[in-house]
1. With all pairs of different alpha carbon atoms counted, what Kirkwood hydrodynamic radius in Å does the range 202-292 show?
2. From the Cα gyration tensor of the range 61-102, with a ≥ b ≥ c the square roots of its eigenvalues, which class applies: rounded if a/c is under 1.5, or else prolate if a/b is larger than b/c, or else oblate?
3. Go from 0 up to the bin containing the longest alpha carbon distance in the range 375-725, width 10 Å each, and give me the % of pairs per bin.
4. What number do you get for the range 494-550 when its Cα radius of gyration is normalised by 2.2 N^0.38 Å, N = residues?
5. Based on the alpha-carbon gyration tensor of the range 443-505, what equivalent-ellipsoid semi-axes (square roots of 5 times the eigenvalues) come out, in whole Å, largest first?
6. Report, in whole Å, the centroid distance computed from the Cα atoms of the range 71-132 and the range 618-686.
7. So what is Rg over Rh here for the chain, counting just Cα atoms and using Kirkwood for Rh?
8. Please list the three semi-axes, largest first and in whole Å, of the ellipsoid equivalent to the range 73-142, using sqrt of 5 times the eigenvalues of its alpha carbon gyration tensor.
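The values are calculated or read from the model by the stated rules, or taken from the named source; none is laboratory data. A quick note: this is a predicted structure, and the numbers were derived from the prediction, not measured. Here the Cβ positions follow ideal geometry from the backbone for every residue, glycine too, while neighbour counts run over all protein chains shown. The accessibility values were calculated without ligands, DNA or RNA, using every heavy atom of the protein model including side chains. Shrake-Rupley method; radii C 1.70, N 1.55, O 1.52, S 1.80 Å.
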Amino acid sequence: MSDFIHKRITDSEALDMLQNMPTAELMARADEIRRARHGNKTYYVHSHNLNPTNLCVVECGLCSFWRPEGAEDAYITTLEDARENLEKAQNWDLTDLHIVGGMIPELDLEYYENLFKLSREMLPGVLLQGMTAVEIHWIAGNEGISIRETLERLKAAGFGSISGGGAEIFHPDIRKKIATTKILAQQWLDVHKVAHELDIPTNATMLFGHIEKDEHIIDHLSRLRELQDETGGFQAAIPLPFQTNGTALGLKYGPSGDRQVRVAAITRIYLDNFPHVRMLVNYMDRKLLGVLTHSGVDDIGGTSLNERIAKEGGAPQSQKFFTAAEMEEFLVNHGHTPILTNSIYAQLDGQPDINALPETPVVSSRWKPILDRAEAGERLSAEDAVILHDEAPFQELGRVADLRRKQDVPGDLATYVFDKNLNTTNVCVTDCKFCAFYTKPESERGYVRSPEQIVAATKKAAEAGATQILIQGGLHPELKLDYYEACLSGIRDNVDIWIHSLSPTEIEYIAQEEGITIRECLQRLKDAGLQSLPGGGAEILVDEIRRKISPKKTRSQAWLDLMETANEIGLKTTATMVYGFGETTAQRVEHLIKVRELQDRTGGFTAFIPWSFSPNMTDLDCPRLQNGVDYLRIVSIARLLLDNVKHLQAGWVTEGPDVSQLALQFGADDYGGVLMTEEVVSATGVDYGVSEDLVINLIREAGWTPAQRTTQYDLIKVYDEVETEVK
Ligand code: SF4
């Protein structure tokens, strides 16, 4: 257990870490503190939200929830409305009722006393958490009484703890811009101090990812740490990612994945006197949340049923949990011991002992010398890679993969390509069990794009800025070589764009249907305009797995041989891997070793791209859904093992914009394609999307200089401070 675990860090040390420490290393430090405190226990609550009104006299610029008087969707919850609302919630086995909302004269102290009494009567045993220090300060002022008297009356009515809202950022330079009319930082802290003196536990938020600078984050945390030293009344620190929709701050993006991880980690490391760090699932993508639970976060908040504030701000609703069981499953999937509790961390029946000291896990150390060799630039064996994959902390793998990435792709650029994915047809005779995209020849859902349609769509994409077209599709018995030649030559002769298209599976099928060799087929496609091959159809290059997931599809060696032939006739290629079908670590490594061996011979692979399998709407169950941590582990292992493949692409299509941004800190040097459209993965219901502008913002927020590239990794445009057109 390293000694820094309990050593208090100074503000300047914290600022230095937040600004300069590599993300993987910061995650590792915070995770070690979290494990020393909680082991792998991770807490969650099953909560319902009741927002009494969205009218508010404070009208903060950062808030998208409040409505002006007379607005169509403005509302006030009467006690009768509240009774109806709570009646519905009575059978939900809630742990928490969260009451928070706007401030208007009509909703005075008596209203809230009655609301808490009603809630206590209708939801006995449920923690009544609510109201922010801002609301309490405002009501006390309206009543002309002290904060203490206000809190005493609320407590008597059943009020159990103060949620941490309204803290935003304490520093006056920022507070005056984002919450002009809100109470000052000291007034917020004073409300919490009085609450602590009255044994009312509270939480503390910090809204970040808007206009604050790193020093404002550290200033905010230092004021919380100071009060906690005095009272010890805070339960959890809750870094809240800013949601941009509908706010008056005119910001396009909230904090990216990398920023959220860095702020959560420094919160854990710096607030050495706070028991918990909580991040709320209803503010972010689940894959990112999973990674955060290995970056210092020990609490993922709750179901927050009927939560409106984050929703109004544009938080992804598709990621929310609706049942405690879903949250439990999510935490188990991330290797945690889920503990259902409430917002004051009470021991609930049937839950593991919440106060049990974390067991000291038996950790292998045989990975360490192997990782040291990788850090020294040595080539790893398959056995090495299996041990690293299964036994090394993923953050440590990331730290070294990031160093290797800086050696393999020197400089501060991270690239992306502006491309379009275009499918010829969704009709396919191969029936891969993992594929939700295809349909059978006789199905009405089937479509075929004509060569004219392919050329027209490609022209449109090029006009929109695309420099690469990626055409792929199902294996349609009626689409012969001449169809593909017509598509390719039509594009070559009419559109200024690079043709990076077709998969080995399609080419093998076309050649077979045509009765010609793979080499002849490749040569004719090349003559028609094909310039390089994407590495689709590789999934796992181990036939034992391929026989299970795609019995009719190209076998591993055939896939490799086809790529070798393509390289021999001058076509560069990329290599992919889809993992999560239940393959063993050794089989994943076998796939990577096969790619590395071919690369040693041909040097034809320009990049490697790993994706996780999405089981929805497919005929294949997956033993365990692959999460963001699994992904970052695979990315790191790929960088360390594929020492002869220069570029490693992140994969937002399956991992989402935030976790794929984190991949840029775990060995990836490229954000992949903007894609414009994508039909195959989105057929499984995983439906992320990015724009070129978002990609540039994500790369920049991860501390790299964004650069648009060609398919062959030549630079087109570097977005450093001043946009530089690379002639
Ligand atoms: S993955 Fe490709 S080859 Fe397999 S069924 Fe889907 S479209 Fe056909």
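1. 13.7
2. Judged from the Cα gyration tensor, the range 61-102 comes out oblate (a/c at least 1.5, b/c at or above a/b).
3. P(r) for the range 375-725, in whole percents per bin: 5, 26, 36, 25, 7, 0.
4. Compared with the compact-globule rule of thumb, the range 494-550 sits at 1.32.
5. Ellipsoid semi-axes (Å, largest first): 21, 13, 11.
6. Spelled out, the Cα-based centre of one part sits 43 Å from the other.
7. Details: Rg = 27.6 Å, Rh = 27.4 Å.
Expressed as Rg/Rh, it is 1.01.
8. Those come to 22, 14, 11 Å.
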